[in-house]
Amino acid sequence: GQAWAIVPAAGYGTRFGGGLPKQYVEVAGMPLIAHALEALLSHPGVRGAMVALSADDPHWPGWDEIAGKPVLRCAGGESRADSVLAGLQALPEEVRADEFVLVHDAARPNLRHDDLGALLERGRNDPVGAILAAPVRDTLKRAGDDGGIDGTEPRERLWRALTPQLFRRLQLTRALEAARDAGIAVTDDAMAMERQGMRPLLVEGDEENFKITTPADLERFRFVLAQRGQ
Ligand code: C5P
């Protein structure tokens, strides 16, 4: 079957001028969030998207469908984790508790279909689920308070967590609620699952599926599209 996708997009990241949250900055004539939604919904394994928006978001263009599939929306929360929780709760009732659901950042516009396909296939065959991730390429230093180097972390086993991440609807809901109730800020969905003693699978994904955080990331995405002739 197909999976629903939750897209947390309630962040205010306004470092791109004009007070525009970064997910609405346009590249190649489309806001970043449209790139992200298009990548998800044009994949045959995705059934629809639930977008979590900030309550007073004046920028949402009001799409009801993309690629012929439903785009629903709900109000996000104070943190990314709260926004994902709101999305999980707002999913249509037909989405069963044990069904796998994707979570994908609105600020990751460059998701490739083969990565999404690999995540869906391998994650569904794992009892817990899976995330896209990229191996760490740089040598990692631990800093002391004075800015001196306290040590070097072995990088062989270190990965950078990307999205989408694929988990069962109810298990992810329970895991995010548990983290919230414990006052722990989880920075991705897998972290909440790990806290529950579960071990999601790492699926290696393309480095170009980066999160847009700084203006330099935006330039990199423009460059990637230009290279592809878009
Ligand atoms: O700020 P950061 O880049 O970590 O945000 C990752 C994703 O989470 C973005 O798509 C952002 O819109 C979303 N987010 C959210 N609700 C928040 C904060 C961030 O949906 N309160």
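The values are calculated or read from the model by the stated rules, or taken from the named source; none is laboratory data. In this text the structure is predicted, and so the values were computed from the model without any measurement. Cβ placement follows ideal geometry from the backbone for every residue including glycine, while neighbour counts extend to all protein chains displayed.
Quick notes
- Assessment of region 146-164 against the conditions (among the β-branched types (V, I, T), under 17 Å from A106 (Cα atoms) and touching a strand residue (DSSP E or B) at 6+ places or on another chain (Cβ under 8 Å)) yields at least one matching residue.
- Those residues of region 166-200 which are in a loop (DSSP other than H, G, I, E, B) and in contact with a strand residue (DSSP E or B) (Cβ under 9 Å, 6 or more places away or on another chain), in sequence order: T187, D188, M198, P200
- When region 146-165 is limited to residues that are in a strand (DSSP E or B) and in contact with a Leu (Cβ under 9 Å, 6 or more places away or on another chain), the one that is surrounded by the most Cβ atoms within 10 Å (Cβ to Cβ) turns out to be P164.
- Residue that is surrounded by the fewest Cβ atoms within 10 Å (Cβ to Cβ), among those in region 26-49 that are of a type in the set (A, V, I, L, M, F, W, C) and part of a strand (DSSP E or B): M30
- Scanning region 50-103 for residues that are in a strand (DSSP E or B) and within 11 Å of the ligand (Cβ to nearest atom) yields V51, A52, L53, C74, A75, V103.
- Residue list for region 201-230, filter: more than 16 Å from the ligand (Cβ to nearest atom), outside any loop (DSSP other than H, G, I, E, B) and out of contact with any strand residue (DSSP E or B) (no Cβ under 9 Å at 6 or more places or on another chain): E219, F223, V224, A226, Q227
- Tally, over region 41-64, of residues that are without any contact (Cβ under 8 Å) to a residue 60 or more places away in the chain and under 17 Å from R169 (Cβ atoms): 6
- Qualifying position, being at pLDDT 95 or above and over 25 Å from D217 (Cβ atoms), among D114, D145: D145
- Of the residues A106, A130, A134, A118, the single one that is in a helix (DSSP H, G or I) and touching a residue at least 60 places away in the same chain (Cβ under 8 Å) is A118.
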